[in-house]
1. Which one of the conditions (1) touching a Ser or Thr at 6+ places or on another chain (Cβ under 9 Å); (2) more than 9 Å from every other protein chain (Cβ to nearest Cβ); (3) surrounded by fewer than 13 Cβ atoms within 10 Å (Cβ to Cβ) does A:P61 fail to meet, given that it meets all the rest?
2. Out of A:Q68, A:Q18, A:Q41, report the one residue that is polar (S, T, N, Q) and within 14 Å of another protein chain (Cβ to nearest Cβ).
3. Name the single residue, out of those in region B:55-70 being more than 26 Å from B:E16 (Cβ to Cβ) and not hydroxyl-bearing (S, T, Y), that is nearest to the other protein chains (Cβ to nearest Cβ).
4. Taking region A:17-33 as the search range and keeping residues that are touching a Phe, Trp or Tyr at 6+ places or on another chain (Cβ under 6 Å) and assigned to a strand (DSSP E or B), which one is surrounded by the most Cβ atoms within 10 Å (Cβ to Cβ)?
5. Does A:F45 fit the bill of being buried (at least 16 other Cβ atoms within 10 Å of the Cβ) and on the phi < 0 side of the Ramachandran plot?
6. How many residues are among the small types (G, A, S) and either closer than 12 Å to A:F47 by Cα or surrounded by 22 or more Cβ atoms within 10 Å (Cβ to Cβ) (or both) if we restrict to region A:67-86?
7. Which residue is nearest to the other protein chains (Cβ to nearest Cβ), if the candidates are limited to region A:87-111 and must be hydroxyl-bearing (S, T, Y) and surrounded by 19 or more Cβ atoms within 10 Å (Cβ to Cβ)?
8. Considering only residues that are under 14 Å from B:V13 (Cα atoms) and polar (S, T, N, Q), which ones fall in region B:71-105?
Amino acid sequence: KAGVTQTPRYLIKTRGQQVTLSCSPISGHRSVSWYQQTPGQGLQFLFEYFSETQRNKGNFPGRFSGRQFSNSRSEMNVSTLELGDSALYLCASTPTGPYNEQFFGPGTRLTVL
Amino acid sequence: AQSVTQLDSQVPVFEEAPVELRCNYSSSVSVYLFWYVQYPNQGLQLLLKYLSGSTLVKGINGFEAEFNKSQTSFHLRKPSVHISDTAEYFCAVSPSGGSYIPTFGRGTSLIVHP
């Protein structure tokens with residue numbers, strides 16, 4: 001099976017712009033989670049989508065949003081970018097079942113100038 | 001709620017030496033435990049997981065971990081490390097028996113010197 005894919009891999013934006021990141025989960029996985037990874041804060045959970053519905057949400061401002069499509073692909077959007085949004089954004093998909101093992105994509109490296 | 005503490009932010013070690021990366025967790029319910037590895041410029045990859053049963057869990061690349069319920073620990077070990085083991089290692093915990101998002105530790109950077 002193909003792994004989790006994320007596009008683009010690298011992105012440079014300026015403050016105030018908005019950005020959309022995309023994630024394609026492993027075929028058959030219906031849960032998609034998003035994380036922000038920074039050197040100072042480590043891995044922070046943004047939100048999780050399951051069957052096109054947001055099921056869990058982390059403690060991030062409303063500038064961070066996401067959605068999931070019927071084919072389980074997911075997008076996350078960050079509006080009004082700030083310098084502090086520079087990070088590696090990771091997407092993970094989880095198969096149906098109770099074990100909660102997550103399969104991660106390679107991430108999108110976002111740099112805000 | 002769960003929490004995870006990785007006691008060392010950085011662990012330097014020489015090649016072929018043994019290594020232990022420490023992880024302690026806190027939870028009021030039964031948990032599943034995971035160790036992930038992240039190589040530079042990559043996502044996280046599962047090393048091993050504890051769901052139930054034997055407390056000694058073997059994973060990929062020669063790593064193993066031992067679940068100690070009384071000490072609420074899940075330390076990761078390898079008897080002989082290689083340069084290629086240089087990476088960031090994350091411990092994670094999630095409540096068992098449901099669809100929960102794992103809670104991750106802050107990570108431990110393993111640096112293997114020749």
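1. (1)
2. None of the others qualify; the one that does is A:Q41.
3. Step by step, filter region B:55-70, then rank; the result is B:F67.
4. This residue is A:V32.
5. Values: buried (at least 16 other Cβ atoms within 10 Å of the Cβ): yes; on the phi < 0 side of the Ramachandran plot: yes.
Considered against the rule, which asks whether it is buried (at least 16 other Cβ atoms within 10 Å of the Cβ) and on the phi < 0 side of the Ramachandran plot, A:F45 comes out as yes.
6. 1
7. A:T94
8. Of all residues in region B:71-105, those under 14 Å from B:V13 (Cα atoms) come to B:77-88.
Hits for region B:71-105 are B:S80, B:S84, B:T86.
The values are calculated or read from the model by the stated rules, or taken from the named source; none is laboratory data. Predicted model, so just to flag it, every value in this text is computed and none were measured. Cβ atoms come from the backbone with ideal geometry, glycine included; neighbour counts cover every protein chain shown.
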